[in-house]
Amino acid sequence: MNKFVLIGVGAGLLVAGGVAAWMISSTPEPEPVLLDPYDYALTESWDTKPAEQPAAVWEDGWAIDVIQLTAGTRRAPEDFATALGVIGPVYAPKLRAPNFAEDAASALQEYLETSNNGRAFVIASNQPLPASAVPVINADAMVRARFGGVLLLEGQETAFAPGVNPASVCSDRFGAGEICAAPVEIKRIDGAWVIHGEGPAGGAVVDGFSEWLDGSAPKLAEPLGDLEEVEIIDIRRPGQTD
């Protein structure tokens with residue numbers, strides 16, 4: 001009798017397990033939460049931005065900005081920005097991870113149009129630089145000359161997304177076969193977030209960049225500003241008619 005009871009219990013467990021497995025496998029995946037695109041003209045669409053506009057290139061000469069394009073990081077974006085600040089002012093836009101390529105290009109475009117002022121810049125990211133960012137950089141030859149390269153965060157090994165030819169975006173500072181990218185390790189040491197490791201912060205991407213710009217890249221001239229509209233009136237001699 002006990003033998004039959006055990007067989008029945010075992011069969012019941014198998015059936016229950018099968019039902020449970022079917023319920024799990026048939027449960028639909030939750031719908032992704034769709035977020036509206038960020039408006040990068042608004043301050044609240046940035047995790048970090050300089051409190052004051054850094055000096056333009058025609059005011060204080062060459063300087064380097066850091067555009068921080070991170071998504072799905074293991075730590076707060078502000079922690080990265082604190083460490084990267086040793087290189088230069090940091091601009092860290094909020095990015096939607098599923099729409100990284102779209103948001104990265106939009107934020108970079110906004111930075112170049114409103115905040116760059118002819119300054120050099122590098123991009124720090126834990127993602128490959130998407131193809132969408134390439135035409136933003138290449139739209140102006142002077143902008144491409146001022147682009148130093150990509151700083152790889154969180155152990156990221158691939159600097160550019162598939163289909164992006166590094167030679168199409170890296171400046172002439174890098175020779176044939178060279179990629180304008182360098183790994184950057186950020187750690188918390190004595191309570192402060194810093195760039196960890198030997199050598200200059202940013203490695204080959206940042207080291208010597210300002211000196212190269214001095215000899216190889218044209219500086220953006222100061223805008224003339226708004227010109228006063230002048231009305232031109234035809235001068236006629238006495239007795240002259242149309």
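The values are calculated or read from the model by the stated rules, or taken from the named source; none is laboratory data. For clarity, every value in this text was computed on a predicted model and none was experimentally measured. Virtual Cβ from ideal backbone geometry, glycine too; neighbours counted across all protein chains shown.
Looking only at residues in the range 177-196 that are assigned to a loop (DSSP other than H, G, I, E, B), touching a helix residue (DSSP H, G or I) at 6+ places or on another chain (Cβ under 9 Å) and more than 23 Å from Ala63 (Cβ to Cβ), which one is modelled with the highest pLDDT? Among them, the one singled out is Ile179.
Scanning the range 97-127 for residues that are in a helix (DSSP H, G or I) and more than 19 Å from Ala41 (Cα to Cα) yields a total of 2.
Filtering Leu42, Leu108 for residues that are surrounded by 15 or more Cβ atoms within 10 Å (Cβ to Cβ), hydrophobic (A, V, I, L, M, F, W, C), out of contact with any Pro (no Cβ under 6 Å at 6 or more places or on another chain) and modelled with pLDDT of 95 or more leaves a single hit, Leu108. For the range 117-126, the count of residues that are basic (Lys, Arg), in contact (Cβ under 8 Å) with a residue 60 or more places away in the chain and over 17 Å from Leu151 (Cα atoms) is nonzero. Among the residues making up the range 45-64, a single one is surrounded by fewer than 17 Cβ atoms within 10 Å (Cβ to Cβ), among the acidic types (Asp, Glu) and either touching a helix residue (DSSP H, G or I) at 6+ places or on another chain (Cβ under 7 Å) or part of a loop (DSSP other than H, G, I, E, B) (or both): Glu52. Screening Asp36 on (1) within 20 Å of the chain's Cα centre (by Cα); (2) under 30 Å from Ala204 (Cα atoms); (3) modelled with pLDDT under 95 shows it passes everything except condition (2).
Inside the range 65-86, can you point out the residues that are of a type in the set (Val, Ile, Thr) and crowded, with 20+ Cβ neighbours inside 10 Å?
Val66, Ile67, Thr70
Filter the range 128-145 for residues that are out of contact with any Phe, Trp or Tyr (no Cβ under 6 Å at 6 or more places or on another chain) and not in a helix (DSSP H, G or I); which is farthest from Tyr38 (Cα to Cα)?
Checked the range 128-145; the qualifying residue farthest from Tyr38 (Cα to Cα) is Asp140.
The residues in the range 83-115 that are in contact with a Lys or Arg (Cβ under 7 Å, 6 or more places away or on another chain) and within 24 Å of Asp207 (Cβ to Cβ) can be counted, and the count is 1. When you check Ala145 against the structure, is it without any contact (Cβ under 8 Å) to a residue 24 or more places away in the chain and hydrophobic (A, V, I, L, M, F, W, C), yes or no? No, not satisfied. Only a single criterion out of (1) surrounded by fewer than 21 Cβ atoms within 10 Å (Cβ to Cβ); (2) at pLDDT 95 or above is not satisfied by Ala141, namely (2). Counting just the residues of the range 172-189 that are buried (at least 18 other Cβ atoms within 10 Å of the Cβ) and touching a residue at least 40 places away in the same chain (Cβ under 8 Å), which one comes out nearest to the chain's Cα centre (by Cα)? Ranking the qualifying residues of the range 172-189, first place goes to Val184. For the range 158-170, residues that are within 16 Å of the chain's Cα centre (by Cα) and either part of a loop (DSSP other than H, G, I, E, B) or more than 25 Å from Ile186 (Cα to Cα) (or both) total 6.
Checking each residue in the range 79-94 for being free of Cβ contacts under 8 Å to residues at least 40 places away in the same chain and farther than 21 Å from Gly197 by Cβ picks out only Pro89. Taken over the range 190-230, the criterion of being surrounded by 11 or more Cβ atoms within 10 Å (Cβ to Cβ) and aliphatic (A, V, I, L, M) is satisfied by Val194, Ile195, Ala201, Ala204, Val205, Val206, Leu213, Ala217, Leu220.
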